[in-house]
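Student: Just passing along the structure, written as structure tokens.
The values are calculated or read from the model by the stated rules, or taken from the named source; none is laboratory data. Bear in mind that the values here come from a model prediction, so they are computed numbers and not experimental data. Cβ placement follows ideal geometry from the backbone for every residue including glycine, while neighbour counts extend to all protein chains displayed.
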């Protein structure tokens, strides 16, 4: 049972990473291959999708449920955990720096 859960977790993370990279790549390519009246709304939507903390991604929820079953800590954000945290660690930060937004809430 644990092997099946680990396999599902690895597959979920892999698919999620591919989707995030695909969205980032489409942000760079889309303005050059689609007309402006198509690319501007799509790029705006993709940026909102990537940086909005109020939308909960179904794949992150699936990963958190698999992590609960495997008794691993849950994620609070996929991009922060798999993309931002490793970069900050490589830059020498042992603990993630606290950023105060203009609205006064910590992010």
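Student: Of all residues in segment 2-16, count the ones that are surrounded by 14 or more Cβ atoms within 10 Å (Cβ to Cβ) and under 30 Å from residue 44 (Cβ atoms).
Tutor: 3
Student: Hey, does segment 27-38 have a residue that's modelled with pLDDT under 90, surrounded by fewer than 14 Cβ atoms within 10 Å (Cβ to Cβ) and either touching a strand residue (DSSP E or B) at 6+ places or on another chain (Cβ under 8 Å) or in a loop (DSSP other than H, G, I, E, B) (or both)?
Tutor: Taking every residue of segment 27-38 in turn, none turns out to be modelled with pLDDT under 90, surrounded by fewer than 14 Cβ atoms within 10 Å (Cβ to Cβ) and either touching a strand residue (DSSP E or B) at 6+ places or on another chain (Cβ under 8 Å) or in a loop (DSSP other than H, G, I, E, B) (or both).
Student: Condition check: touching a residue at least 40 places away in the same chain (Cβ under 8 Å) and part of a helix (DSSP H, G or I). Does residue 43 satisfy that?
Tutor: For residue 43, the condition - touching a residue at least 40 places away in the same chain (Cβ under 8 Å) and part of a helix (DSSP H, G or I) - is not met.
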